[in-house]
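Novice: Quick one: this structure, given as structure tokens, is what I'll be asking you about.
The values are calculated or read from the model by the stated rules, or taken from the named source; none is laboratory data. What you are looking at is a predicted structure, and each value in this text was computed from that prediction instead of being measured. All Cβ positions, glycine included, derive from the backbone under ideal geometry; neighbour counts span all protein chains shown. The accessibility values were calculated without ligands, DNA or RNA, using every heavy atom of the protein model including side chains. Shrake-Rupley method; radii C 1.70, N 1.55, O 1.52, S 1.80 Å.
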Amino acid sequence: MLQVTRLGRFARFAPLVIGVGSVVSLSAVPAAAVSGSSLSALAPPPVRDEDRAGAGGDHLTVTVRNAGGDADGTYEVDCHPGGGSHPDAGGACGVVERNTRWGKDAFAPVPGDSVCAMQYGGPATAHVTGTWAGRPVDARFDRSNGCEIGRWDRLVPLLPEVGGKARQGSTGPHGGLSVFMADAPAP
């Protein structure tokens, strides 16, 4: 919020007053007042046991169904350091790291008002539970439309690659386009 004060004939000195006030506030504690013993008070607190890696860090359980081949099953993924029963634990941790943004849920569902291609990516489903970045995770995935396919594909290799990545505009089994927009009027 900006506070406006009428300075009248002293308006031309406003930058000088602000600058001097800043210098005065910065120089309020002389360097001699900061001694070796008070420097320890400025140090960050020690790491707690519950914050250390391996003591409840990032852990995910991934359950995959109907993906075909060896992809079906339940896998454990531990990150920082990477490990677990997942076939590519390091890659799984890396892809979730790349999809993690401050203030955003890497596992968030597709927003309800999204316009998605009417595209079927197969019967594969996944359920991811656990803890990521200190927050609980309980997310379900499927490949029922273009948005859900894109959401799934963003998390490969945490989730298995199913039948290659989806491509919009691919031709269907009868030679026509297999992608239709949900909001498009019927011909």
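Novice: Which residues, counting only those in the range 54-83, are open to solvent by less than 50 Å² (accessible area, probe 1.4 Å), out of contact with any His (no Cβ under 8 Å at 6 or more places or on another chain) and farther than 20 Å from Thr125 by Cα?
Specialist: Of everything in the range 54-83, those that are open to solvent by less than 50 Å² (accessible area, probe 1.4 Å), out of contact with any His (no Cβ under 8 Å at 6 or more places or on another chain) and farther than 20 Å from Thr125 by Cα turn out to be Ala55, Gly83.
Novice: For the range 96-129, which residues satisfy the criterion of being at pLDDT 95 or above, under 16 Å from the mean Cα position of the chain (by Cα) and surrounded by 18 or more Cβ atoms within 10 Å (Cβ to Cβ)?
Specialist: Scanning the range 96-129 gives Val96, Phe107, Val128.
Novice: Here's something else I'd like to know. Which count do you get for residues in the range 62-76 that are closer than 17 Å to Glu161 by Cα and part of a strand (DSSP E or B)?
Specialist: Residues in the range 62-76 being closer than 17 Å to Glu161 by Cα and part of a strand (DSSP E or B): 7 in total.
Novice: Moving on. If we keep just the residues of the range 133-154 that are farther than 22 Å from Asp113 by Cα and surrounded by 13 or more Cβ atoms within 10 Å (Cβ to Cβ), which is modelled with the lowest pLDDT?
Specialist: Initial filter on the range 133-154 (farther than 22 Å from Asp113 by Cα): 133-137.
The next check asks that each one be surrounded by 13 or more Cβ atoms within 10 Å (Cβ to Cβ); those that pass are 133, 137.
Numbers: Ala133: 91, Val137: 97.
Selected residue: Ala133.
Novice: Return the total of residues in the range 58-78 being without any contact (Cβ under 8 Å) to a residue 40 or more places away in the chain and under 20 Å from the mean Cα position of the chain (by Cα).
Specialist: Number satisfying all stated conditions: 2.
Novice: Among (1) in contact (Cβ under 8 Å) with a residue 24 or more places away in the chain; (2) part of a strand (DSSP E or B), which single condition is Pro136 missing?
Specialist: (1)
Novice: When the range 84-95 is examined, which residues are found to be surrounded by 14 or more Cβ atoms within 10 Å (Cβ to Cβ) and either in a loop (DSSP other than H, G, I, E, B) or in contact with a strand residue (DSSP E or B) (Cβ under 6 Å, 6 or more places away or on another chain) (or both)?
Specialist: Answer for the range 84-95, where residues must be surrounded by 14 or more Cβ atoms within 10 Å (Cβ to Cβ) and either in a loop (DSSP other than H, G, I, E, B) or in contact with a strand residue (DSSP E or B) (Cβ under 6 Å, 6 or more places away or on another chain) (or both): Gly84, His86, Asp88, Ala89, Ala92, Cys93.
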